[in-house]
1. Taking the simple approach of a point 7 Å from Cα along Cα-to-Cβ for both residue B:67 and residue A:288, what is their distance in nm?
2. Label-point separation (nm) for residue B:156 and residue A:34, each offset 7 Å from Cα along Cα-to-Cβ?
3. Binning at 10 angstrom from zero up to the longest distance, how are the C-alpha pair distances of the stretch B:99-263 distributed in percent?
4. Using Cα centres only, tell me the gap between the stretch A:150-189 and the stretch A:53-128 in whole Å.
5. Quick one: Debye curve from the alpha-carbon atoms of chain A only, equal weights, vacuum; give me log10 I(q)/I(0) at q = 0.09, 0.10, 0.13, 0.14 Å⁻¹ to two decimals.
6. For the stretch A:211-255, max minus min Cα coordinate along each principal axis, in Å, sorted largest first?
7. May I ask what percent, to the nearest 5, of DSSP beta bridges between residues of chain A are antiparallel?
8. In vacuum, with every alpha carbon of the stretch B:7-89 counted as one equal point scatterer, what does the Debye formula give for log10 I(q)/I(0) at q = 0.11, 0.16, 0.20 Å⁻¹? Two decimals, please.
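Each reported figure results from applying straightforward, stated rules to the coordinates on display, with no laboratory input. The shown structure was predicted, so the numbers you read here are calculated from the model rather than taken from an experiment. Here the Cβ is made from the backbone with ideal geometry for all residues, glycine too, and neighbour counts use every protein chain on show.
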């Protein structure tokens, strides 16, 4: 009832652990898959090791979560063994997230990470937390987004999803550009903002990076709208990510056009059991409304 | 639900526990269980986790060992200065039995001192075994004495208590007494020995683990252990010995701030 396909990759259910949450080690990814995720995404890796920003890197506020982890990772060489551990211990598809500061390096990272045989490679071109270091993300410009997509595609035979930013005037245009460049799918969206929280008793911004990407319930309407726009613009499948905490949220995202739904900050609100719970709640909705497959729901919010 | 953000608390008192080891006392109803931890924030510098070392009505303390950049800054703070505190986090120890033994190595003594207080208040007989390299590095001795808790001191150089290891004292106590439960916190190699000894005596045991932590509330994934993927900050930091044995990286390696494995 819940199984779906992302460019030929079969998922038992549409929930996907989003990149950046509980994805540092292979063991953690196995744990999440064992808790019911249909697929898992490993934390974004770069060619070189990065320590990331000092703490605080994560906080919650009234309406959501904010983070500026700073893309900490052990480097693509070291992540291979983590991903291999995952592949040996879980059947749920693995999405390996990569990022780089230069277009060329995206290609090298894609080639290298393909050795671990992930089911999908996700090109993260939309992290808002390293602007001071990298400048505006590639996802802000259709030409640059397409260039990265082309380079990644050229360096791997594995399906490539491109993760887009909500912080653009026209996400549909960016989606079109990466589809034309050969992307097999789109993950929409990365965190919004960035925003800032100031601790008024300390008189300083709370995050060490001062600003951070916003996720969780606060951005759900933005994410739904972005997925809606992307669905209008392209034919390739979408992993709709942003603010999903319940099965009804997931249904909403699928109605906007998503094939799968990313869950990240939702783990904070409902624990790692969230994947199983969201699935149960989707089934409940489908039974109440006489749907027998997710295909019947996908994109129905479109049209008149 | 409260936000995961630190609140700024004034340092009410600073206690010199031992060489380069200070306790910072705050007036605040933390309502923590022994074994739980807080995360301390120095604005524009960093955040680090610390086990709760002491708790009384409307008061708690953390003990900070001067080991790096963050803790050096902490040691420069004075009474009246403010720092950010969030928590408590983690699961904490399960306090049970009629008589228990606590095995503390170095600054691993902090959560066990709090546990000793709480168990003692409940009428449980406590044997507090504490070990350090030398006398000048031993915290909480006076505090334990004042509370009426039996304390067994070991130093590597024999400058205080017996010359030898905490594990030797534990063996002796287990041989001579009926102990219901053992708790330990300290170097992982020591905790591993403690588990072996408890296995030999068929006594349950809980350990407290430490890993590089970032968020503290179970979503960043930095402190997950192999091969179970348990989050030290949320599923731990306290584990029963049966669980500890499933953690294959225990006493072998950990991951650093980037996620790279480093040998212990």
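1. 5.1
2. 3.7
3. Going out from 0 Å in 10 Å bins, the stretch B:99-263 shows 10, 38, 34, 16, 1 percent.
4. When both Cα centres are located, 16 Å separates them.
5. -0.38, -0.48, -0.83, -0.98
6. 33, 27, 13
7. 35
8. Here log10 of I(q) over I(0) equals -0.24, -0.52, -0.85.
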